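FYI, it's all coordinate maths here, none of it is from the lab. This structure is a prediction, so every number in the text was calculated from the model and none was measured. Note that we place each Cβ from the backbone using ideal geometry, even for glycine, and neighbour counts take in every protein chain shown.
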Amino acid sequence: MRIGVLTGGGDCPGLNAVIRALVRQGERVHGHEFVGFRHGWRGVVDDDPIALSVATTRGILHRGGTILGTSRTNPFSGSGEAVGALQATLGRRGIDALVAIGGEDTLGVAHRLGGLGVAVVGVPKTIDNDLSATDVTFGFDTAVQVAVDAIDRLHTTAESHDRVMVVEVMGRHAGWIALWSGVAGGADVVLVPERPFDLDDVCERLTRRHAGGSRFSIVVVSEGVTPAAGSLVLQEARRDEFGHVRLGGIANLLAPEIEGRTGFETRVTVLGHVLRGGTPTAFDRMLATRFGVAAADAVADGAFGAMVALRGPDVVRVPLAEAVAELKTVPPALLASLAALVG
Ligand code: F6P
């Protein structure tokens, strides 16, 4: 079979490991041929291919980013012409099936194309870990490790200067990265989107901690947090082609408020895209490799409309519809169980 491959949405450590494993398993075990498309769905709409074979995917296992490039293009966002162009590309290039590697948005497009008769298999990726059909997504472990390394470093400088450090991490509307890195990094306060925060309460906790003898504090804040009503006013942000607001910057609003209300000198670090860049951890390389192998097998079996997913120790196939149905957020019980550590 001739298989088209694309990576869509935000890049994520481990994408190249998926591509490499998919091509190796496909070529060597199933005799598939591959065509890469550049920059997500845009490359299929614009017919922008790139050669993909065992030979062209050597040496990429440990490399961050994606050799295919990516974009947040949504072919369904306009008048429908883009979808026609996309289907024409598939016909012209003799593509029998597509493997779409992406998050909620990319897989949502894959699911809709499946409904139009395109043979698609999905592979879940996102540092946010917010896809409900899989236990975990690759990229998350790397993002958490980068955040923990940064928090460790911020601890020593915070201690030296008797400061409050506000550390902002990505994660969109799910607090997984904030909670994991906050707990593993020994933060004193962790704010997640799942629970609106009250700034007075945060300041009270910091004041109590400092009254108890601590001279510094670390506050980890997820970029998608919202203040409890009346606590702080936020501006409406810009949106992308999938209608998502562009997040980032909340820490810069919080820090002066914290400093003003508590009197503690406060500094901000926004980790942002640093969490997405660079070398994937061994865990993410392994998970991405297993997903790549499973996707090649799924195409060979004709399991279209499926996404590969981790369930317990196993990589399984789940319907794409299930994968994009619901955002996986941090459950209240998990937050409550860690409240003594991070508030
Ligand atoms: O979904 C992954 C993610 O990194 C989010 O955590 C973040 O909000 C968003 O992408 C940033 O997107 P962009 O790269 O378009 O700024």
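When Asp105, Asp152 are sorted by how many other C-beta atoms sit within 10 angstrom of their C-beta, beginning with the fewest, the order is Asp152, Asp105.
The packing ranking of peptides 327-334, 169-176, highest mean first, is 169-176, 327-334, where packing means the average number of other beta carbon atoms within 10 angstrom of each residue.
Label positions at Ala228 and Leu116, each projected 7 Å from the Cα along the C-beta direction, are separated by 4.7 nm.
In plain terms, the residue of Thr137, Thr226 with the fewest other Cβ atoms within 10 Å comes first and the most crowded comes last, giving Thr226, Thr137.
State the extension gain, in nm to one decimal, for the chain segment bounded by Ile50 and Glu33, taking 0.36 nm per residue of separation less the distance between their alpha-carbons.
Length gained between Ile50 and Glu33: 4.9 nm.
When each of His30, His39, His210 is scored by the number of other beta-carbon atoms lying within 10 Å, the sequence from fewest to most is His30, His210, His39. Overall dimensions of segment 116-250, expressed as equivalent-ellipsoid semi-axes from the Cα gyration tensor (√(5λ), whole Å, largest first), are 31, 19, 11. Where only DSSP H runs of four or more residues are counted, the chain gives -11500 deg cm²/dmol as its mean residue ellipticity at 222 nm, each run worth -39500 (n - 2.57).
As a rough guide to protection, the peptides 182-190, 42-50 ranked by mean Cβ packing within 10 Å, highest first, stand as 182-190, 42-50.
Taking θ as phi - 60° and the Karplus parameters 6.51, -1.76 and 1.60, the scalar couplings of segment 288-300 work out to 4, 5, 5, 5, x, 4, 5, 5, 5, 5, 4, 4, 4 Hz in sequence order, x denoting glycine and proline.
Legend: Rg and Dmax of the chain, from Cα coordinates, 21.6, 70 Å.
How big is D, in µm² s⁻¹, for segment 185-343 by Stokes-Einstein at 25 °C and 0.890 mPa s if Rh is the Kirkwood radius over C-alpha pairs?
Numbers: Rh = 19.2 Å.
In µm²/s, the coefficient is 128.
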